[in-house]
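For reference, the structure discussed in these notes is given below.
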Amino acid sequence: MSASEDERAAVLAAARTAYSSLEAPTVGEALAGASLDALEDPVNTKSRAMLRLLVHVGLDVVSARETQAATAPVGAGGLARTRAEKEHQRSLVSRFGPVTVSRLANRSAAPGAPNVHLLDADWNLPAGVHAQPLLREITHEATRGSFDDAVAAVEHATGQKVGKRQAVELARTAVDVEAFYETFAMAPAGRTLVIQCEGKGSVMRPDGLRPATRKAATEKKNRLDTRLLPGGKSNRKRMAELTVVHDATVVPSSVDDIIPSRRLLKAQAAGVAPAAADGPTAKWMTASVDDGIPAVIGAALDEAERRDPHHQRTWVVLVDSNNTYLDGIRVQAA
């Protein structure tokens with residue numbers, strides 16, 4: 001539903017008010033300063049306040065537009081929520097700061113039945129207080145290093161303070177991974193089913209090594225006190241086992257397909273754009289430093305079996321010359 005002229009005017013008025021509060025005292029005083037920091041730092045702080053106000057006004061416009069549903073929504077317990085009450089508020093932390101969302105609460109006459117808030121679903125509001133854009137910031141930073149660094153980076157980028165324990169809980173997006181993979185549609189029989197297996201060694205803390213590796217690392221003496229010599233990471237790694245299952249269409253390749261420059265020249269000579277390669281689809285991936293090779297390969301073959309329970313498709317397994325992987329694939333496949 002598009003916003004009315006009155007709603008647009010309300011948002012613009014709020015923007016002008018916010019900008020006025022930013023412009024007059026901040027810029028005027030900062031220009032009298034002796035450095036660029038004196039201008040940029042207060043402008044940065046107050047601009048976030050302006051953006052937070054705009055988000056808040058936008059939410060107010062959406063709340064004012066909400067009307068009672070024509071059909072009573074049904075919630076937990078199969079009970080219809082026949083009454084709608086206005087001004088039910090909830091707090092939310094946006095990327096720019098805290099805001100308040102006001103929406104209709106659809107209620108049931110049955111005592112203790114939880115309310116249904118349709119606006120929460122329409123706007124994909126989270127179950128907790130942190131909005132999705134801020135959650136994405138936290139999750140993105142958490143994948144790049146430690147949680148301490150993630151918390152510092154989020155505060156630097158958004159101005160929002162998130163505790164380390166909060167960041168750990170908010171970044172646990174893997175809880176939906178298995179349910180997500182189960183939604184993959186079955187590929188047609190013509191698509192090849194590909195399974196890839198690989199191992200990757202990662203340097204671990206001594207208490208994270210397997211017992212035999214930890215014992216060997218303890219017995220080995222390093223010739224330098226402060227760092228390892230080149231190639232001196234033996235007995236300090238633990239293997240992470242990785243597998244991928246995906247669908248692919250097998251197409252015979254020519255030399256022109258394998259060498260990109262030749263494919264491009266051939267397409268230019270024909271006056272057409274080079275055809276895009278048909279890449280893998282519906283990727284399923286898993287990795288573990290706890291489970292051994294048989295368990296990880298078994299999980300991959302279980303996924304392949306789920307996709308092709310009647311074995312109507314061609315299965316291809318790609319693996320390097322690691323004999324442990326080859327033996328594990330033969331045993332698990334049998």
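The values are calculated or read from the model by the stated rules, or taken from the named source; none is laboratory data. If you're wondering where the values come from, they're calculated on a predicted model, not measured in any experiment. Cβ coordinates were reconstructed from backbone atoms using ideal geometry, including for glycine residues, and neighbour counts include every protein chain displayed. Please note that ligands, DNA and RNA were not included when accessible areas were found on the heavy atoms of the full protein model with its side chains. Shrake-Rupley method; radii C 1.70, N 1.55, O 1.52, S 1.80 Å.
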Legend entry - Check on ALA64, open to solvent by 40 Å² or more (accessible area, probe 1.4 Å), among the small types (Gly, Ala, Ser) and more than 30 Å from ALA157 (Cβ to Cβ): yes
Legend entry - the stretch 221-272 - residue that is open to solvent by 100 Å² or more (accessible area, probe 1.4 Å) and under 29 Å from GLU305 (Cα atoms) and, of those, modelled with the highest pLDDT: VAL250
Inset, instruction - Output the number of residues of the stretch 301-326 satisfying the condition of being in a loop (DSSP other than H, G, I, E, B), open to solvent by less than 50 Å² (accessible area, probe 1.4 Å) and out of contact with any Asp or Glu (no Cβ under 9 Å at 6 or more places or on another chain). - result: 1
Legend entry - In the stretch 76-112, the residues that are of a type in the set (Gly, Ala, Ser) and either surrounded by 19 or more Cβ atoms within 10 Å (Cβ to Cβ) or within 22 Å of ASN124 (Cβ to Cβ) (or both): ALA76, ALA84, SER91, SER94, GLY97, SER102, ALA105, SER108
Inset, instruction - Could you look through the stretch 95-122, keep only residues that are touching a residue at least 12 places away in the same chain (Cβ under 8 Å) and of a type in the set (D, E, K, R), and pick out the one that is nearest to VAL61 (Cα to Cα)? - result: ARG103
Inset, instruction - Looking for whichever is farther than 28 Å from GLY58 by Cα and either in contact with a Pro (Cβ under 9 Å, 6 or more places away or on another chain) or free of Cβ contacts under 8 Å to residues at least 60 places away in the same chain (or both) here; the options are LEU79, LEU135, LEU92, LEU125. Which one fits? - result: LEU79
Inset, instruction - May I ask you to list the residues in the stretch 130-145 that are closer than 16 Å to LYS161 by Cα, open to solvent by less than 70 Å² (accessible area, probe 1.4 Å) and either of a type outside the set (A, V, I, L, M) or assigned to a loop (DSSP other than H, G, I, E, B) (or both)? - result: HIS130, ALA131, GLN132, PRO133, GLU137, THR139, GLU141
Legend entry - Tabulated pairs, the stretch 310-334, first closer than 17 Å to VAL250 by Cα, second open to solvent by 60 Å² or more (accessible area, probe 1.4 Å) and modelled with pLDDT of 85 or more, C-beta under 7 angstrom, 6+ apart or interchain: LEU318/GLN196
Inset, instruction - Please work out which residue is least open to solvent (accessible area, probe 1.4 Å), limiting yourself to the stretch 2-33 and to residues that are at pLDDT 60 or above and part of a loop (DSSP other than H, G, I, E, B). - result: SER4
